[in-house]
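The values are calculated or read from the model by the stated rules, or taken from the named source; none is laboratory data. All values derive from a computational prediction rather than experimental measurement. Cβ atoms come from the backbone with ideal geometry, glycine included; neighbour counts cover every protein chain shown.
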Amino acid sequence: MKSIYDSYPLNNGVQNPCIGFGTFKAADGQSTEILKTAIDAGYRYFDTASFYDTEESLGKAIKEKNIPREELFLTSKAWKTEMGYSEVKQALAQSLEKLQTDYLDLYLIHWPIPEEGYADWKQLDIDTWKGMEELYREGKVKAIGVSNFLPHHIENLLRNCEVKPAVNQIEFHPGYTQEMTVQYCQERGILVQAWSPIGRSALLNNPMLLEIAGHYQVSVAQLCIRYAVQRGIVPLPKSSAIERMRQNQDVFGFEISGEDMYRLGTLAQTGWSGLHPDGGSTRGTSKKLCLPTD
Ligand code: A2P
C-alpha cells in the first residue's frame, strides 16, 4: 500500500481502499462542515452507520462538494433495532435516501446481538444476513459484512448462509488488538477493518507509544494507523481538524520494524472502549474475549 487510494480486494473482488474516514461523533451540529473538510483533505472513503446520525450530513457534504459517486467508497451499518429480514431492507432504503445515493459499497450488521442476554441472536443474525444477501444480489450493496463479530458469531453465519461476509469491522489499536478475531478472519479471507485505530487519549499519551513514534519521527496517531496498515487491517481514523486529517493519511513514508510491531502488538490492554459484543458496555472491567464453546 502506497497511498490511501490503494486497496485490498474483498473476497468477492470489490476493491476496499486501505484507509477510510470514520464519521462517528462527527455530528454535534457541524458534521457537514467536518465532512466537507475531510473531502478537501482528500478522503473519498467514508465509514458511517445509521446509529451515528451522520448519513444525512455525509450525503449533503458529498453533494455540496460535487464528488462523482464512482470516486467514493461508502460504508453504512444496520443498527441493533434494524435487525431482521425485512427490517434490514427498510434500514438500507433509509440509509440510501439519507446518503442521496442508490447503492452502498459496503453494508454491515453493526453488532451481533441486539441487547445483552438476547437468547435468539443466532436466528436474528441469520434472518438479517438473508436480507442482506438479497440486497447484495439486487446490486443495492456491492459487498456485505459484519462489525463487532467474534468468531462464534461469524461461525453461525458461515454455517447457515450462502454469501460469506467480506469484512469484519472491529475495535482495533495497540492495547486492544483482538488477536483471536483478527486471525480467525484473516485465515478465512474476511478483511478486518479497525474502528478507533488511534484509541483516543489513553494511547496518545502512552510513554511507550511516544517513544516508538519518536524513533520514526511521526505522531502516535500516525504510528497506530501505520500499525494497522502493516497488519493488513483497514484503519478508519476520525478527526475534526484538517491538519490531523492530512497527517492521518501520511503513513506511507516509514516502515515499523518487526521488533516494534511486536511491542505494539503486545502492549498491555490500553484504551479499550469497554464495548464487548456479548456483554454490552462493560467499560472499566477486565472482561476478555474467549473462544466459542459451541
Ligand atoms: P480531533 O478531532 O481533535 O482530531 P479514534 O478514531 O481512534 O477513536 O480517535 C479519534 C480521536 O483522535 C479524536 O478525538 C481526534 O481528535 C483524535 N485524533 C485524530 N487524529 C489525530 C492526530 N493525528 N493526532 C492527535 N489526535 C488525533
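Before moving on, here are some points about what is shown:
- Looking at Ser240, Ser196, just one residue is out of contact with any helix residue (DSSP H, G or I) (no Cβ under 9 Å at 6 or more places or on another chain), within 12 Å of the ligand (Cβ to nearest atom) and either of a type in the set (S, T, N, Q) or modelled with pLDDT under 95 (or both), and that residue is Ser196.
- Segment 8-30, subset without any contact (Cβ under 8 Å) to a residue 60 or more places away in the chain and out of contact with any Asp or Glu (no Cβ under 8 Å at 6 or more places or on another chain), residue nearest to Arg137 (Cα to Cα): Gly13
- Considering residues of segment 178-233 that are of a type in the set (Lys, Arg) and within 22 Å of Ala143 (Cβ to Cβ) only, the residue surrounded by the most Cβ atoms within 10 Å (Cβ to Cβ): Arg231
- Some residue of segment 140-149 being more than 12 Å from the ligand (Cβ to nearest atom), on the phi > 0 side of the Ramachandran plot and buried (at least 17 other Cβ atoms within 10 Å of the Cβ): yes
- Among the residues making up segment 147-206, those that are among the hydroxyl-bearing types (Ser, Thr, Tyr) and more than 24 Å from Ile126 (Cα to Cα) are Tyr176, Thr177, Ser196, Ser201.
- Beta carbons closer than 9 Å, at least 6 apart along the sequence or on distinct chains, pair a first residue in segment 246-275 that is surrounded by 15 or more Cβ atoms within 10 Å (Cβ to Cβ) and among the β-branched types (Val, Ile, Thr) with a second that is at pLDDT below 95 and part of a loop (DSSP other than H, G, I, E, B) for Thr270/Gly199.
- Residue match in segment 90-104 (condition: touching a Gly at 6+ places or on another chain (Cβ under 8 Å), more than 30 Å from Thr32 (Cβ to Cβ) and assigned to a helix (DSSP H, G or I)): no
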